[in-house]
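Please read the structure below before turning to the comments.
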Amino acid sequence: MLLYIHYPFCRSKCAYCGFFSQVRDEELEKVYFSALLREVEYWGRHLLRPRVSTLYIGGGTPSLLAPGDLELIAEQINRHFSLQSGLEFTLEANPDSLASPERVRALAKVGVNRISLGLQSLDDSQLSLLGRPHTARQGLRSVHAVRSAGIENLGLDLLWGLPNQTSRDWLEEMGRVASLEPEHISCYCLTLEKETLLQRRVEHGELGLPREDQLQAMYMQGAELLGEQGYLHYEIANFARPGCFCRHNLGYWRGWDYLGLGPSAVSTLQGRRWGNPRDVLPYAEAVRTGTLSRDAAMLSRGQRLEEFLMLSLRTRGGLDLDRYKDLGGEDLLQDQAEVIRALRERELIGVSGRRLWLTTRGMLLCDAITGALMSALE
């Protein structure tokens, strides 16, 4: 089982962020922390000390957690869950709260062995537009801090398709990031989330985003550049050195069970899915009353098939056609031969034996290709 913990607090709200997060509040954080420890105990007892293969603390800005508080969380998890040997323990971090090797060493002492650092950009003007609370210089300082502290698994998160960004801008930035030699690089295309400051500025004509053809060029050329630097393109937005794939995220894409703790966290266990209340106070009340999974729903056959198809196609390993059929689906190669032939002719997919995968061009159209395959089955 995968274990995810959501820490919802940030120093400030970024202009593009659609995740549940809020400006840090000392009293509300105390409520959150108390509820989280109780939720860990609740699920540990309810699931009879389940075995955990990866632990991921995301947010929000989990690097704001005091080392003592993080230690209490880790101790509570150790007390109520069975942790697999060689556990991957990832902590998301922002450069403004991860500035010194001493700070990183304190995290490593608790058990953190993988850092996912939200650089987002190395351009100060873009960081300002995004509402990020750090500068490019702070980002580079944080990379140095992680390395100085001896963390050997560092992931850097970047955004592309930013306002007025060109392909040349993106490739130059990618080159600078690759020169830092992280084990993992995540490249997410900027999405305009509803009711965010950035969405409003674009809608009002204050900012312009790259055209579709420019976005395609950025994606293709960026993937090629990272490939030349020795990074494997193992998922639509993720690149890694051999042996350094994010095991936690791979678990999601492979359809493993996962338990989400904290406000807004989602869980899927044994075919049942539920989400925790989005805000801290309702979340704490649900923990207190033991009603966290009250609205859990069984995934239908169609939902399971669609998710398996969609998540598999996100990865370079692609879709295991035999497993898809065993889950109750069609024999895609036989029953959807015309659709698959058309996709192959456009060089959007590849097929070898009983496996089907997306090419780099196909990854740009993952949602459309998934939709075409699913609609053809209806």
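The values are calculated or read from the model by the stated rules, or taken from the named source; none is laboratory data. The model shown is predicted, which means the values in this text are computed figures rather than measured ones. Counting neighbours? That spans all protein chains shown, and the Cβs are built from the backbone with ideal geometry, glycine included.
The table below gives the values:
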{"read-out": "Selected residue (only one of LEU226, LEU198, LEU215, LEU192 is touching a helix residue (DSSP H, G or I) at 6+ places or on another chain (Cβ under 6 Å) and either in the same structural domain as GLY18 (by TED's automatic domain parsing) or modelled with pLDDT of 95 or more (or both))", "value": "LEU192"}
{"read-out": "Filter result for the condition that a residue is outside the structural domain of GLU235 (by TED's automatic domain parsing) and assigned to a strand (DSSP E or B), over GLY328, GLY350", "value": "GLY350"}
{"read-out": "Matching residues in the stretch 137-154 - criterion: being farther than 13 Å from SER97 by Cβ and in contact with a strand residue (DSSP E or B) (Cβ under 8 Å, 6 or more places away or on another chain)", "value": "VAL143, ARG147, ILE151, ASN153, LEU154"}
{"read-out": "Test: residue in the stretch 103-113 that is in contact (Cβ under 8 Å) with a residue 60 or more places away in the chain and among the basic types (Lys, Arg)", "value": "no"}
{"read-out": "The stretch 181-198, residues that are surrounded by fewer than 20 Cβ atoms within 10 Å (Cβ to Cβ) and not in a loop (DSSP other than H, G, I, E, B)", "value": "TYR188, CYS189, LEU197"}
{"read-out": "Sole residue being of a type in the set (A, V, I, L, M), in contact with a Lys or Arg (Cβ under 8 Å, 6 or more places away or on another chain) and surrounded by fewer than 20 Cβ atoms within 10 Å (Cβ to Cβ), chosen from ALA15, ALA66, ALA35", "value": "ALA15"}
{"read-out": "Conditions (1) over 16 Å from GLY118 (Cβ atoms); (2) outside any helix (DSSP H, G or I); (3) not aliphatic (A, V, I, L, M): number failed by TYR32", "value": "(2)"}
{"read-out": "Candidates LEU119, LEU127 - the one that is assigned by TED's automatic domain parsing to the domain that holds HIS6 and either touching a strand residue (DSSP E or B) at 6+ places or on another chain (Cβ under 6 Å) or polar (S, T, N, Q) (or both)", "value": "LEU119"}
{"read-out": "Condition met for THR291 (free of Cβ contacts under 8 Å to residues at least 24 places away in the same chain and either outside the structural domain of ASP367 (by TED's automatic domain parsing) or acidic (Asp, Glu) (or both))", "value": "yes"}
{"read-out": "Matching entry among ARG49, ARG38, ARG79, ARG105 (being in a loop (DSSP other than H, G, I, E, B) and of a type in the set (Lys, Arg))", "value": "ARG49"}
{"read-out": "Single unsatisfied condition, TYR231 versus (1) in contact with a Lys or Arg (Cβ under 9 Å, 6 or more places away or on another chain); (2) of a type in the set (Ser, Thr, Tyr); (3) within 19 Å of SER312 (Cα to Cα)", "value": "(3)"}
{"read-out": "Residue check for GLY362: within 25 Å of MET218 (Cβ to Cβ), buried (at least 17 other Cβ atoms within 10 Å of the Cβ) and in contact with a Lys or Arg (Cβ under 6 Å, 6 or more places away or on another chain)", "value": "no"}
{"read-out": "The stretch 18-32, subset surrounded by fewer than 17 Cβ atoms within 10 Å (Cβ to Cβ) and touching a Ser or Thr at 6+ places or on another chain (Cβ under 7 Å), residue nearest to ARG254 (Cα to Cα)", "value": "GLY18"}
{"read-out": "Test: SER100 is farther than 25 Å from LEU162 by Cα, in the same structural domain as SER148 (by TED's automatic domain parsing) and of a type in the set (Ser, Thr, Tyr)", "value": "yes"}
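To keep it simple, each residue is scored yes or no on (1) at pLDDT below 95; (2) of a type in the set (D, E, K, R).
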position: ASN94; (1), (2): no, no
position: LEU119; (1), (2): no, no
position: ASP124; (1), (2): no, yes
position: GLY150; (1), (2): yes, no
position: ASN153; (1), (2): no, no
position: LEU156; (1), (2): no, no
